[in-house]
1. Can you list the helices (runs of 4 or more DSSP H) lying wholly within the range 42-99 that have 2 or more residues being assigned by TED's automatic domain parsing to the domain that holds GLU149, over 30 Å from VAL356 (Cα atoms) and not charged (D, E, K, R)?
2. Out of GLY97, GLY87, GLY108, which single residue is within 30 Å of LEU236 (Cβ to Cβ) and in contact with a Lys or Arg (Cβ under 9 Å, 6 or more places away or on another chain)?
3. Of these, THR375, THR446, which one is assigned to a helix (DSSP H, G or I), farther than 30 Å from ASP44 by Cα, touching a Pro at 6+ places or on another chain (Cβ under 8 Å) and in contact (Cβ under 8 Å) with a residue 24 or more places away in the chain?
4. Take VAL500 and decide whether it is touching a residue at least 24 places away in the same chain (Cβ under 8 Å) and over 30 Å from ASN363 (Cβ atoms).
5. Please enumerate the residues belonging to the range 263-285 that are touching a Ser or Thr at 6+ places or on another chain (Cβ under 7 Å), among the small types (Gly, Ala, Ser) and within 13 Å of ALA337 (Cβ to Cβ).
6. Mind listing whichever residues of the range 486-509 are more than 13 Å from VAL148 (Cα to Cα) and part of a strand (DSSP E or B)?
Amino acid sequence: MTAWDSVSGPSYELLLGFPDETRFATTVARLVADDVASGIAAQDATLWGPEAEEEAAQRLSWVDLPEASRPLVAEVETLRDELRAQGLDRVVLCGMGGSSLAPEVICGAAGVPLVVLDASDPDSVRRATGTDLDRTVAVVSSKSGGTVETDSQRRAFTQAFLDAGLDPADRIVVVTDPGSPLAEQATAAGHRTFLADPDVGGRYSALTAFGLVPSGLAGADVGTLLDEAAALRPVLAQDSPDNPALRLGALLGTAHADGVDKLVLADDGSTHPGLGDWVEQLVAESTGKHGKGVLPVVVDGVEAPEVLASTPDSVLVTYGPDPALDSLHPASGYAVALDAPLGGQVLLWEHATAVVGRLLGINPFDQPDVESAKTAARGMLDAPPTGSAPDLVADGIEVRGLGALAVPGDATLDQALSGLLDALAAEGDRGYLAVMAYADRDAFGTLADVRPGLARRTRRPVTFGWGPRFLHSTGQLHKGGPPVGAFLQVTVAARDDLPVPGREFTFGRLVAAQAAGDAQVLADHGRPVLRLHVTEPEPEGRAFGRLRSLLGADLPGR
């Protein structure tokens, strides 16, 4: 039976449901007694233990951003006015993970157009670089300055502007950390450059230049966003049992101790489209390591069947106006409903995620397993494998089983998928299915529609991610989190490949290396991986139709 509790203030309302009120209250009281909230606000790097202290000492400046980022507002607005006076009103953001997800949410909430290029497939890059260049400004955004996807996109835009007789120096804006390779390149090329605070990690950077510059140039009111965060900041710094971040973090930590380690995120009529995707990256990449972690599962809304009958290992989270949970009955007994303006949501979730890290005993600021997939991809770019023959080919789809999954050569497509789902079923109430798609999102966007049907079929949490962007999000948890999960990778052949200017590889080879590298690292971790490659690059073609039929079949639960 679920007990309900709530806290609220002028700019937020938080409702919580939990099966054991005493355990939850004890966790909150411990956090209050340990001065965790004031410690975070004071940037106390010792809160997550000795092993995390060095990293935490360089990653806590995000707590001051509602005020520290204020000077950026006028700079961005001035540049936006200058660009628009030159007729440059189409903003394309080249970035991955924390560099793209926050601006996507901010602009979505503001209702202003922003083209986000966080893909490596040739068709997506060609469309971004080949459309309305005469009115385009490209924001190239990378904290490290060495992200291969973003560097490749920068090169593509530079060449596209030159080919069109346009000066890239006037049309590329760079956001990066001081001293990064990208900062040096930008200075040499004469690009307008914004240097972000190096003591803020990528996924906590929504209120830095990484979030504010592209959003402000696109037309979002980033000053109001900072105001919304600033309004909540004093509350989040209080060592009080009514602190909403302590309470949210305590609920997620208590649930995790009960084996409830999935986070179903459902938009309940909010004005923040895409917020779930941003929370997904923040929580998954912060907590998924050392065999622990909280897996976010972004669903289609509160009416989704997997919300109304959520699994016993899931916390149900809804966000939107007039939060109400008493009509829902989460199987785990754990639920959250949160209403706050976007700036407040951002800061609250960041504080709560830091709290969860302390309760789980992990460092919420590193991402050790993200690098493993990058390393594997780089290795395949440097020395492309000859390529193994598929286990089977049917209806224009090549099938390969990796890791703990073997696909017999005489199997059918349906039997190959059933083998993966059987491996998932063998994990009982801990497993999940991750669907990972490396394809042109505009042309093959209906791939995302298969997630609800697979959730109903398996009666387990199912995530969906577009590659390579999810590698900077749930990709960390896939490899560093609990050793469970079954993985379905879908790749689609590109219509025409596209060179990466100044590199020896193409975009087609880059995305193929990223997909193969990710699959291999998962297989090396002993996970069951099913790779489905669509060889006919037409969304209306026979092969893609067969794939949708295969994955979208609404069959009886297993």
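The values are calculated or read from the model by the stated rules, or taken from the named source; none is laboratory data. Everything numeric in this text was worked out from a predicted model, so none of it was measured. Every residue, glycine among them, receives a Cβ derived from its backbone with ideal geometry; neighbour counts consider all protein chains shown.
1. On the way: elements: 50-56, 65-68, 70-85.
Output list reads 70-85.
2. Numbers: GLY87 fails: within 30 Å of LEU236 (Cβ to Cβ); GLY108 fails: in contact with a Lys or Arg (Cβ under 9 Å, 6 or more places away or on another chain).
From the options GLY97, GLY87, GLY108, the qualifying one is GLY97.
3. Numbers: THR375 fails: touching a Pro at 6+ places or on another chain (Cβ under 8 Å).
Going through THR375, THR446 in turn, the sole match is THR446.
4. Values: touching a residue at least 24 places away in the same chain (Cβ under 8 Å): yes; over 30 Å from ASN363 (Cβ atoms): yes.
Yes, satisfied.
5. Residue satisfying the conditions is ALA266 alone.
6. Correct list: ALA486, PHE487, LEU488, GLN489, VAL490, THR491, VAL492, PRO499.
Conditions (1) of a type outside the set (Gly, Ala, Ser); (2) within 30 Å of PRO312 (Cβ to Cβ); (3) more than 28 Å from the chain's Cα centre (by Cα); (4) surrounded by fewer than 19 Cβ atoms within 10 Å (Cβ to Cβ), marked per residue:
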{"site": "ASP391", "(1), (2), (3), (4)": "yes, no, yes, no"}
{"site": "ASP414", "(1), (2), (3), (4)": "yes, yes, yes, yes"}
{"site": "LEU417", "(1), (2), (3), (4)": "yes, yes, no, no"}
{"site": "LEU421", "(1), (2), (3), (4)": "yes, yes, no, no"}
{"site": "GLU427", "(1), (2), (3), (4)": "yes, yes, no, yes"}
{"site": "VAL435", "(1), (2), (3), (4)": "yes, yes, no, no"}
{"site": "ASP440", "(1), (2), (3), (4)": "yes, no, no, no"}
{"site": "ALA443", "(1), (2), (3), (4)": "no, no, no, no"}
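Residues are listed down the side, and each one gets a yes or a no for (1) under 21 Å from the mean Cα position of the chain (by Cα); (2) at pLDDT below 95:
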| site | (1), (2) |
| --- | --- |
| LEU88 | no, no |
| GLY97 | yes, yes |
| ALA102 | yes, no |
| VAL105 | yes, no |
| ALA109 | yes, no |
| VAL116 | yes, no |
| ALA119 | yes, yes |
| THR129 | no, no |
| ASP134 | no, no |
